[in-house]
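The values are calculated or read from the model by the stated rules, or taken from the named source; none is laboratory data. In this text the structure is predicted, and so the values were computed from the model without any measurement. Positions of Cβ are generated from backbone atoms using ideal geometry, with glycine treated the same way; all protein chains shown enter the neighbour counts.
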């Protein structure tokens, strides 16, 4: 209870003095991978590329990560650009579906869902 009152007092003081919350978030990308039935897929290797040529040749990747138990791969501190995404697990991949993100919003958590089949 004391901690709550203390925090409320600090927040009220900060707001009355014109203090601004100016915390800058790093640009990040959370990719959720689902299979063609809509189920989440853990253990998918997700790779980001900055251009189509590197994506097609599977070279010069930006970052790689595996999806967690919730089917999510998180990439922090990325540039606010569009990425080509490769998602592969066994004989399933996203090559027949969407492979490019929209340009990411800077200083935000960007979210994309990829379907593998």
Yes/no for residue 49 being closer than 19 Å to residue 117 by Cβ, surrounded by 13 or more Cβ atoms within 10 Å (Cβ to Cβ), at pLDDT 95 or above and in contact with a helix residue (DSSP H, G or I) (Cβ under 8 Å, 6 or more places away or on another chain): no
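Residue-by-condition table, conditions (1) under 13 Å from the mean Cα position of the chain (by Cα); (2) free of Cβ contacts under 8 Å to residues at least 40 places away in the same chain; (3) more than 14 Å from residue 112 (Cβ to Cβ):
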site: 24; (1), (2), (3): no, no, yes
site: 44; (1), (2), (3): no, no, no
site: 57; (1), (2), (3): no, yes, yes
site: 73; (1), (2), (3): yes, no, no
Among the residues of region 94-111, write down those that are surrounded by fewer than 18 Cβ atoms within 10 Å (Cβ to Cβ) and not in a loop (DSSP other than H, G, I, E, B). 100, 109, 111
